[in-house]
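Engineer: Before I ask anything, here is the structure I am working with.
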Amino acid sequence: MVSGPRAPKGTYDLLPDDADERDLVVETAAVVFTAYGYRRIVTPEFEDTALFERGVGQATDIVRKEMYTFVDKGERSLTLRPEGTAPICRAYVEHGMHKLPQPVKLWYYAPMFRYERPQAGRYREHYQLGAEAIGAADPMIDAEIIAMLAQLYDELGIGDLNLAVNSMGDAACRPAYLALLTAFLKDRATELCGDCRERISLNPLRTFDCKQPACRAVLDSAPHIVDHLCDECAAHFAAVLDLLRRARLDPRTDFRLVRGLDYYTRTTFEFSSDSLGAQSGVGGGGRYDGLVEQIGGLPTPGVGFGTGLERIGLAMGERATESLGPEAYLVCFDDSRRAEMFELAQTLRRELLLEVELDLAARSAKGQLKQASRSDAECAVLIGLEELAPDVARVRDLESGEEHDVPIAELVTWFAEAEGEED
Ligand code: HAM
């Protein structure tokens, strides 16, 4: 039993094998996103609280209940980033990116902080890979960014994902729809759960998210927004669906897909996996044509997504992560030559970037050999063997047992040639 401090509830340590796998996911994302013209952006871990209140929306669960907000020593209210889109729009405005060729395509990889109830696939600190295309209203950019995310999942070997899409309308058609929905919900209020009754005046669209069977039944017969879009939004939605099919995707329209952030306009989408249980969303996003203006910029359309690294890990399933040992383990048979062994390790690392380990605990030669095989080293380099001349080392392949006696001064060349042969 560990009695000292533990990682805070809802957080986790990423141990080396898992960190290797995550690096692979992020490297794959970098390659895929670059092919679509996205460049990486890094924004601060915390922002002014007002950014999220204005950007994400006062009525959202994120702003009402989940933000890690604190007052700093200068009496400023700051918040650990709960999501990536508002900060990137802030950076777009702050750096005058509207002067660049549009759309500006940015991707990110960053931790997000939300005070949620922890469960499988849901953490209080989670990592997201995301992308935002700011400055283009064409439905082709919606389809392109969705296809890009689908390609990332494909490259990672995650098959079998469902793609749900919806349209949230815009400032022209949403108010009338909200009035219709609110009237419907008020009529049926007695059949709804307490949370949903509260949502009627606060944020009626969120009722679509409720998991209670009774509420779901009511919402099945509610007016659905796709049937109440203005002509422009309807045409946009139809074009996105057509382009997604042309990209060989299979979108399913889902009227429940309202998503938890208030900035969405028109397209929303989500990839989910049946194998993930309650937290089935692997990644999602949508269009946010009012957000840049909302936080002080010019009217500018935008579209993007976020996908959780933990959910990607779950969707990828158990895979045999191969943890490789060092390429060489130096073993010293003569205590008086340990400093010389250290020097040799440095030379091999510096000249060849060879992964070299050596004994750092003054073990006996036998102990060092045991360490070499425990660490899965490819070969041991034995220095100071009595039967060899002092300036010669023995390289022993720890798998085949094959041995070569090599002058120490020639080890760099010898390893360089051996590596060359392997390639
Ligand atoms: P979101 O749906 O809140 O959207 O989060 C995006 C993804 O992050 C989810 O699909 C899920 O994979 C992961 N995620 C969210 N919360 C958690 C959690 N507590 N634990 C583990 N994973 C989580 C956004 O954040 C938007 N900014 C996406 C976006 C970008 N929309 C437009 N551009």
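Engineer: Within the bounds of segment 171-179, is there any residue that is closer than 30 Å to residue 310 by Cα, hydroxyl-bearing (Ser, Thr, Tyr) and surrounded by 13 or more Cβ atoms within 10 Å (Cβ to Cβ)? Spell out the reasoning first.
Structural biologist: Restricting attention to segment 171-179, the residues satisfying the condition of being closer than 30 Å to residue 310 by Cα are none.
No - not one qualifying residue is present in segment 171-179.
Yes or no, residue by residue, for (1) over 24 Å from residue 57 (Cα atoms); (2) among the small types (Gly, Ala, Ser):
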site: 250; (1), (2): yes, no
site: 275; (1), (2): yes, yes
site: 279; (1), (2): no, no
site: 282; (1), (2): no, no
site: 289; (1), (2): no, no
site: 306; (1), (2): no, yes
site: 317; (1), (2): yes, yes
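Engineer: Condition test on residue 133, is it in a helix (DSSP H, G or I), farther than 17 Å from residue 24 by Cα and touching a helix residue (DSSP H, G or I) at 6+ places or on another chain (Cβ under 8 Å)?
Structural biologist: So residue 133 does not fit the description; no.
Engineer: Is it fair to say residue 239 is within 30 Å of residue 129 (Cβ to Cβ), touching a Lys or Arg at 6+ places or on another chain (Cβ under 6 Å), surrounded by 13 or more Cβ atoms within 10 Å (Cβ to Cβ) and hydrophobic (A, V, I, L, M, F, W, C)?
Structural biologist: no
This table checks each residue for (1) closer than 23 Å to residue 278 by Cβ; (2) within 13 Å of the ligand (Cβ to nearest atom); (3) within 20 Å of the chain's Cα centre (by Cα); (4) without any contact (Cβ under 8 Å) to a residue 12 or more places away in the chain.
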{"position": "67", "(1), (2), (3), (4)": "yes, yes, yes, no"}
{"position": "88", "(1), (2), (3), (4)": "no, yes, yes, no"}
{"position": "95", "(1), (2), (3), (4)": "no, no, no, yes"}
{"position": "120", "(1), (2), (3), (4)": "yes, yes, yes, no"}
{"position": "123", "(1), (2), (3), (4)": "yes, yes, yes, no"}
{"position": "133", "(1), (2), (3), (4)": "no, yes, yes, no"}
{"position": "159", "(1), (2), (3), (4)": "yes, no, yes, yes"}
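Engineer: Among the residues of segment 343-355, is any under 30 Å from residue 281 (Cβ atoms) and touching a residue at least 12 places away in the same chain (Cβ under 8 Å)?
Structural biologist: Of segment 343-355, the ones under 30 Å from residue 281 (Cβ atoms) are none.
The answer is no; no qualifying residue exists.
Engineer: Counting only residues that are of a type in the set (Gly, Ala, Ser) and more than 11 Å from the ligand (Cβ to nearest atom), give me the helices (runs of 4 or more DSSP H) lying completely in segment 213-311 with at least 1 of them.
Structural biologist: Answer list for segment 213-311: 213-220, 231-246.
Engineer: Right, another one. Going through 364, 373, 336, 400 one at a time, which residue ends up being of a type in the set (Ser, Thr, Tyr), closer than 28 Å to residue 18 by Cα and surrounded by fewer than 17 Cβ atoms within 10 Å (Cβ to Cβ)?
Structural biologist: On the way: 364 fails: closer than 28 Å to residue 18 by Cα; 336 fails: closer than 28 Å to residue 18 by Cα; 400 fails: closer than 28 Å to residue 18 by Cα.
The unique qualifying residue is 373.
Engineer: Which pairs turn up if I take residues in segment 307-319 that are at positive phi and at pLDDT 95 or above and look for partners that are near the ligand (Cβ under 8 Å from one of its atoms) and assigned to a loop (DSSP other than H, G, I, E, B) with beta carbon separation below 6 Å, at least 6 apart in sequence or on another chain?
Structural biologist: Nothing qualifies.
The values are calculated or read from the model by the stated rules, or taken from the named source; none is laboratory data. Being a predicted model, the structure only gives us computed values, none of them experimental. Cβ coordinates were reconstructed from backbone atoms using ideal geometry, including for glycine residues, and neighbour counts include every protein chain displayed.
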